[in-house]
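See below for the structure under consideration.
Rule-based calculations on the coordinates, nothing more; no lab input. Model, not experiment: these values are computed from the prediction. Cβ placement follows ideal geometry from the backbone for every residue including glycine, while neighbour counts extend to all protein chains displayed.
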Amino acid sequence: MINFITACVGGYDMQYANKAASMFKRHCSLEVNCYCITDRPEQLSAEITPITPSLNVSGWWNKVLAFGPDMPEGWIVMMDVDTIIVNDITGIIEYAIKRNELMAGFEDAIHWHGCKFTSSFMVFRSETLIHIYEKLKREWPSIESLPGGDQVWIYSQLERVLFLDEFFPEAKQGLKYHLARIVDGRIRLPLNLPDKVKIIDFGGNPKPHEIANWPVITDHWR
C-alpha cells in the first residue's frame, strides 16, 4: 500500500490536488490511498481523504507536515501539486521502497540556493522523519522567510538522500530548465517528450493551467 499525499493550502486551485491524485493512480500500478493536506476539504474528489493542517504554516511549508504524527501509516509519496506525471512510475516507487532509505528523491533542476535536493517528489516511511516536523514546530515562524524555503531547510535536516536520478536518468525533468527553450523572452514547448521522461516539474512559471493547450497537459493533466 502506498500513501500518496499532496499539500494544497492557500494559493493553488483545488483542481491541482484532484488532478495530481488522478495522475498518480493512473501511472502507478501499486495499491494507492490518496490524501491531501488542505484547508478546503469540501473541494476534494471523493477518492481523496483530507488531512487538516496540524500547524499553521504558510504555503510550501505545509509539505513538512507530511513528516508529522497524524499521517497514514506506511510508505508515503509526497508530491507537489503542480507536478505532472506522464508515464508509469511504478518501478521508481518500488525501487525506493526496496532500498528503504530514510528519504528518496530527485535532484533540483538548478540546485536552487545551492541545494541539490528537491522537495517536489519525496518517498519515505511515515514518522521516520518526525524530528523534522518537531523542529519546524519549534522554529516556526522564525524560518518562514528562509532563502530557498522548505526545500533548502528540509535538505539541511537530512543525513542522507537516495537520489533516484542516479538509477532513473532523465525520469524527472524540469519544464523550464530541461524541456522548454526561451526564445526572445517567450517559452517554446517541445512537441514531443524524450522517451525516458516520467515526471515533469513545473517549478516557477508557467503553471499547467497557463499552458492548457499544450498536448502534454491535455493528455495527462486530468
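Under a 5 Å amide H cut-off, with hydrogens placed 1.01 Å from N, R125 pairs with I76 among residues at least 5 apart or on other chains. Couplings for the range 191-199, taken from phi via the Karplus curve 6.51 cos²θ - 1.76 cosθ + 1.60 with θ = phi - 60°, read 6, 10, 9, x, 4, 7, 5, 10, 9 Hz in order; Gly and Pro are left as x.
Mean separation of Cα pairs under 8 Å and 6 or more residues apart, divided by the residue count, gives the chain a relative contact order of 22 percent.
Amide H contacts for I2 (H built 1.01 Å from N in the peptide plane; partners 5 or more residues away or on another chain; cut-off under 5 Å): E31, V32, N33. Overall, the anisotropy analysis places the range 46-132 in the rounded class: the square-rooted eigenvalues a ≥ b ≥ c of its C-alpha gyration tensor yield a/c less than 1.5. Sequence-ordered 3J(HN,Hα) estimates for the range 6-17 from the Karplus curve with 6.51, -1.76 and 1.60 and θ = phi - 60° stand at 10, 10, 9, 10, x, x, 7, 5, 5, 4, 5, 5 Hz, glycine and proline given as x.
Among the lysines of the range 1-156, pairs at least eight places apart or on separate chains and with Cα atoms under 26 Å apart come to 10. Which Cα, out of N213, G74, I2, lies furthest along the positive dipole direction of the range 2-220 (beta carbon charges, K/R +1, D/E -1)? Of the options given, the answer is N213. Taking Cα centroids, how far is the range 33-60 from the range 135-150 in Å? Here the two parts' Cα centres lie 21 Å apart. Converting phi to 3J(HN,Hα) with the Karplus coefficients 6.51, -1.76 and 1.60 and the offset θ = phi - 60°, the range 143-151 yields 9, 4, 9, 4, x, x, x, 4, 4 Hz in sequence order, with x at every glycine or proline. Here the chain is treated with +1 on each Lys and Arg Cβ and -1 on each Asp and Glu Cβ, and its dipole about the Cα centre works out to around 340 debye. For the chain, the fraction of alpha-carbon pairs lying more than 32 Å apart is 12 percent, rounded to a whole number. Taking the chain as a Gaussian network, Cα atoms linked when under 10 Å apart, which of A21, A171, A46 shows the biggest mean-square fluctuation? Per the Cα network of the chain with a 10 Å cutoff, A46 tops the list.
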